[in-house]
1. Scan segment 156-177 residue by residue and report those that are β-branched (Val, Ile, Thr) and either under 20 Å from LEU29 (Cα atoms) or touching a Cys at 6+ places or on another chain (Cβ under 8 Å) (or both).
2. Let me confirm something: among ARG273, ARG198, which residue is over 30 Å from ASN383 (Cβ atoms), surrounded by fewer than 17 Cβ atoms within 10 Å (Cβ to Cβ) and at pLDDT 80 or above?
3. Residue under question is SER418, and the condition is that it be over 28 Å from VAL61 (Cβ atoms) and either at pLDDT 90 or above or outside the structural domain of TRP229 (by TED's automatic domain parsing) (or both); does it hold?
4. Could you tell me which numbered condition HIS264 fails, if it satisfies all but one of (1) touching a residue at least 60 places away in the same chain (Cβ under 8 Å); (2) assigned to a loop (DSSP other than H, G, I, E, B); (3) under 30 Å from LEU55 (Cα atoms)?
5. Considering only residues that are in contact with a Phe, Trp or Tyr (Cβ under 9 Å, 6 or more places away or on another chain), surrounded by fewer than 20 Cβ atoms within 10 Å (Cβ to Cβ) and either assigned to a helix (DSSP H, G or I) or among the β-branched types (Val, Ile, Thr) (or both), which ones fall in segment 40-53?
6. Take ILE231 and tell me if it is more than 28 Å from PHE447 (Cα to Cα) and either out of contact with any strand residue (DSSP E or B) (no Cβ under 6 Å at 6 or more places or on another chain) or at pLDDT 90 or above (or both).
7. Of the residues VAL37, VAL84, only one is under 23 Å from PRO299 (Cα atoms) and surrounded by fewer than 24 Cβ atoms within 10 Å (Cβ to Cβ); which?
8. Filter segment 54-70 for residues that are in a loop (DSSP other than H, G, I, E, B) and in contact with a helix residue (DSSP H, G or I) (Cβ under 8 Å, 6 or more places away or on another chain) and give the result.
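The values are calculated or read from the model by the stated rules, or taken from the named source; none is laboratory data. Being a predicted model, the structure only gives us computed values, none of them experimental. Because the Cβ atoms are built from the backbone with ideal geometry, glycine has one as well, and the counts that use them run over all protein chains shown.
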Amino acid sequence: MSQHSVSPQHVDSFTSRSVNALPFTLAILLGVSLNAVNSSTISIAIPEILRQFHLTSHAIVWIISGFYLGSAITQPIAGDLGDVLGYNRLVYLGLGLLFITAIGAPFAPFYGILVLWRVIQAVSTSILYPNAIGLVRLYQTKRQGQFLGWIGMSIGVAAAIGPTIGGFLVKTFDWRAIFWLNAPLVILTAGLLWLGLRRVKPSGGRSQPALMHFDTLGTLLFVVTMVLWLIWSNSMKSSMAWLDLLAAILLTIVFIMVESHRTHPVIPVKLFRSRSFSLYSGLTVLLNVVFYAGLFGIPTFLQEYRHSSVMDTALVLFAMSAAMAVGSIWGGRFAQGSRRRIPLIGGTGIALIGSVLMVDLDHLTTIMLFAAAILLGFGYAINNVVLQKAVIESVPASHTGTIAGTYMLLRYLGAIVSAAALSAMLVTLSTSETLFVALSFISVLAFVSSFFTPWSRKTQGV
């Protein structure tokens, strides 16, 4: 990846003289949290949205997968676009798009338009994260590690309070309020960022020769490939689904062949030749299938089959997200050490216990329900941090930025698969048992896979 044109000395002078630290910090922390807020608040509103548009549970896949498809496509691309156009410009672009969705989505005349707004919402919030990190690298060099720690905590807190906020808004108003919430958040974030950088001259992005390295062909192939896989996952019961699958496979092969010969690929497919990287990547997808199926399956079954209230459901998700925040702290401690296999075995084992407890969700006592949600969230969070660090360490340091985007893609792939599986099962299930038996099986597979991961970290050369 090409380097930004601003020199280290210039960055230091910006950090010490030009950036207004407090509003800049608040803007970054709030901006990177918006994706987590919007991905978690919707889980509470899904049953009401389905009733509003007179839809069956099968339609759940579109509003979930649409968001994660937009995020999966945008994350690997947005950072490179920030290098080209300037990070602050991309952040303002993302905030502007998010504000438009806050105004337009509540007035969607039918479900398909709402899903489209949801995709745009995903794109806008996914633009923010990599470019916010880019701004941190430019303007906050002296305590960058501490700053990145704050970012991780803010995302965890956002995920924890998102379901509770969503439950309050849905109960007090209706599902439209979870979209309206973004309007004041966008205005606040943009205002804080302007205050933080108003004395800073915007970076110009890459030079013209570097601009030519942007992988336009790979980006287009990547977008179309992801869309084809989503179409197939949502049409598996169709008699013509095999054509969708064939098209997705063929285009995936073409994409891999093209990217393997690119100097600056949008997805570094050559890295999958590494055994450790492939193991970590596969484990990442498996764990995210389990977690996101639980995140969206639990509220649906609680409200539709146990007839739990919106606020009671929100409390369960709050417990899961709070456990994630705590688990992330422990995961960070484990990630700092040299051991990798032990925390991965422990994290997958804890998540497995939570999945097994969920098998009897229809009859669980309140205490056991909260215990299962907490175990699932805590185990997932430990693995999320350790796996992210392990994935980055499995490649040379020169690939760090690219591999960070690829890791986020793997997470979203797990979310998309879980949404498709959840939708398919909800059509025929009257209880949650089959769904969580399947999740337990995937958890067992992840648990067994963790025993084959490298014993300790293997940091590649710089």
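1. Filtering segment 156-177 for residues β-branched (Val, Ile, Thr) gives 157, 161, 164-165, 170, 172.
Across segment 156-177, the qualifying residues are VAL157, ILE161, THR164, ILE165.
2. ARG198
3. no
4. (3)
5. GLU48, GLN52
6. Taking the combined requirement at face value, the residue satisfies it.
7. VAL37
8. LEU55, THR56
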